[in-house]
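Single-structure report; data block below.
The values are calculated or read from the model by the stated rules, or taken from the named source; none is laboratory data. Please read all numbers here as calculations on a predicted model, not as lab measurements. Glycine also receives a Cβ, built like all others from the backbone with ideal geometry; neighbour counts cover every protein chain displayed. Quick note on the areas: whole protein, heavy atoms, side chains included, nothing else; ligands and nucleic acids left out. Shrake-Rupley method; radii C 1.70, N 1.55, O 1.52, S 1.80 Å.
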Amino acid sequence: MAYQFRFPDVGEGIAEGVLVKWKVKTGDVIKEDAALADVETAKALVEIPSPRAGTVLQLHAAEGQTIHVGDVLVTIGEAGEKVASIPVTAAPQKIELAKPEPVVQKIAQPSGVLALPAARQKATELGVDLSTIKGTGKDGMIIVADVEATAKGAVVQEVKSVQPPSGPSVGFDKSGRIMSVPLTAVRKAIADSMTLSKQTIPQVTHIDEADVTALEALRQKKKEYAENKGIHLTMLPVLMKATVASLKTYPYLNAVFDAPKQMIHIREYYNFGFAVNTPQGLFVPVIKGVDTRSILDIAKKLEILATHCRDRDIKPEDMSGASFTFTNIGSYGGIAATPIIPPGTCAILGIYRMREKPVVKDGVIVVRKIMPLSITFDHRVVDGAIAAQFLSDLIKHLEDPELYFVDV
């Protein structure tokens with residue numbers, strides 16, 4: 001009997017992917033675990049293996065098409081066997097939502113429901129009770145489409161079936177020629193995450209500078225020792241280790257705000273996400289248990305995770321569980337920025353290019369190595385004074401290697 005293989009759950013939080021390339025064609029005789037297709041998810045390029053041996057009777061998706069977990073991907077059976085009719089979606093069909101009915105009655109919305117402000121407003125306008133809706137956004141967040149679908153009695157999954165064009169297209173606006181590029185799975189995930197963060201987290205950025213002259217001299221002195229062990233020693237693992245000490249003093253920056261439960265969860269573990277720039281977009285792998293690792297071990301793990309991100313074979317478990325995040329944009333220039341907090345955390349530390357600058361020290365102008373730092377924080381969890389004290393504590397450890405030695 002023909003077997004319909006559905007797109008499986010390939011990892012934590014992955015609900016959809018883009019079918020990049022088929023590795024089989026109709027009529028191929030395949031073995032169990034043979035590669036069927038490459039699918040790009042928000043976190044990696046995943047090779048989908050066949051769950052059984054047989055003949056490929058039909059492919060049910062086109063290259064470039066977005067497929068969701070549970071969609072039939074391929075039918076496998078015996079040669080000549082009849083296949084149940086499941087059409088291939090070669091050209092995406094846009095499903096238009098009907099215009100909402102005129103407002104009949106406005107209702108008060110419950111406060112404990114996780115919903116975007118725009119969705120909450122739309123629900124009030126359409127007379128929809130948010131507590132009756134299951135959100136399809138990040139972490140169950142109710143989005144405007146959920147409200148509109150509920151108002152029309154539609155199935156939310158229909159909205160998800162709207163497919164973007166499969167490739168770049170050229171057109172014109174009123175000023176000239178333009179090229180329109182559809183979002184990749186990675187770019188879509190970044191867009192969704194950043195939008196969710198800015199719409200739900202009141203975030204503030206505090207900026208300061210650290211004189212890292214002595215610490216940088218120590219790092220340069222030990223670089224050869226690290227290289228003999230096959231490790232490239234940068235400033236990031238040194239900063240991570242110092243940050244653990246400061247987070248233990250100011251633990252609310254290692255927390256997360258739980259809006260539905262109206263609670264703050266303080267993490268007593270130190271799993272640090274760090275931004276990795278790749279040609280496909282930004283990835284944020286997570287190094288676990290920074291407090292239990294040596295600086296060289298952290299440096300080695302950073303290299304391994306960054307390589308997996310660039311090769312697109314990072315595991316989903318290495319992309320989750322962060323309690324705090326770093327973004328190091330020093331190699332790209334600039335003196336400061338306002339990084340966006342990844343949802344699920346409370347703060348992100350920005351690291352910028354170390355420069356030689358003239359400073360006044362003990363009444364004398366001297367040249368020192370200065371590194372700008374920023375801390376962007378969730379103002380629901382901590383106030384500006386706490387964030388400033390945290391950054392001052394971190395700078396204190398970075399400016400005094402002897403204190404770093406005894407306190408980190």
Condition first: farther than 13 Å from Arg6 by Cβ and either outside any strand (DSSP E or B) or among the aromatic types (Phe, Trp, Tyr) (or both). Now tell me which residues in the range 53-82 satisfy that. Ala53, Ala62, Glu63, Gly64, Gln65, Glu78, Ala79, Gly80, Glu81, Lys82
So which of Asp38, Asp33 ends up being in contact with a strand residue (DSSP E or B) (Cβ under 6 Å, 6 or more places away or on another chain), among the charged types (D, E, K, R) and part of a strand (DSSP E or B)? Asp38
Odd one out for Thr292, checked against (1) more than 24 Å from the chain's Cα centre (by Cα); (2) within 24 Å of Thr213 (Cα to Cα); (3) surrounded by fewer than 16 Cβ atoms within 10 Å (Cβ to Cβ): (2)
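Tell me which residues, restricted to the range 176-214, are β-branched (Val, Ile, Thr) and more than 30 Å from Ile370 (Cβ to Cβ).
The initial filter retains those residues of the range 176-214 that are β-branched (Val, Ile, Thr), namely 178, 181, 184, 186, 190, 195, 200-201, 204-205, 207, 212-213.
Of everything in the range 176-214, those that are β-branched (Val, Ile, Thr) and more than 30 Å from Ile370 (Cβ to Cβ) turn out to be Ile178, Val181, Thr184, Val186, Ile190, Thr195, Thr200.
Any residue in the range 78-93 that is of a type in the set (S, T, N, Q), modelled with pLDDT of 80 or more and within 30 Å of Lys25 (Cβ to Cβ)?
Initially, the range 78-93 is screened for residues of a type in the set (S, T, N, Q), giving 85, 89, 93.
Subsequent filtering for residues that are modelled with pLDDT of 80 or more retains none.
Scanning the range 78-93, I find no residue that is of a type in the set (S, T, N, Q), modelled with pLDDT of 80 or more and within 30 Å of Lys25 (Cβ to Cβ), so the answer is no.
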Sole miss for Ala217 among (1) surrounded by 18 or more Cβ atoms within 10 Å (Cβ to Cβ); (2) free of Cβ contacts under 8 Å to residues at least 24 places away in the same chain is condition (1)
Find the strands (runs of 3 or more DSSP E) located wholly in the range 317-408 whose residues include 2 or more that are of a type in the set (A, V, I, L, M, F, W, C) and open to solvent by 50 Å² or more (accessible area, probe 1.4 Å), and list them. 364-378
Looking only at residues that are aliphatic (A, V, I, L, M) and in a loop (DSSP other than H, G, I, E, B) in the range 177-221, which one is modelled with the lowest pLDDT? Leu183
Across (1) more than 18 Å from Pro339 (Cβ to Cβ); (2) under 14 Å from the mean Cα position of the chain (by Cα); (3) open to solvent by 60 Å² or more (accessible area, probe 1.4 Å), Ala185 clears everything bar (3)
Counting only residues in the range 238-250 that are under 23 Å from the mean Cα position of the chain (by Cα) and over 16 Å from Ala210 (Cβ atoms), the one surrounded by the most Cβ atoms within 10 Å (Cβ to Cβ) is identified as Leu247
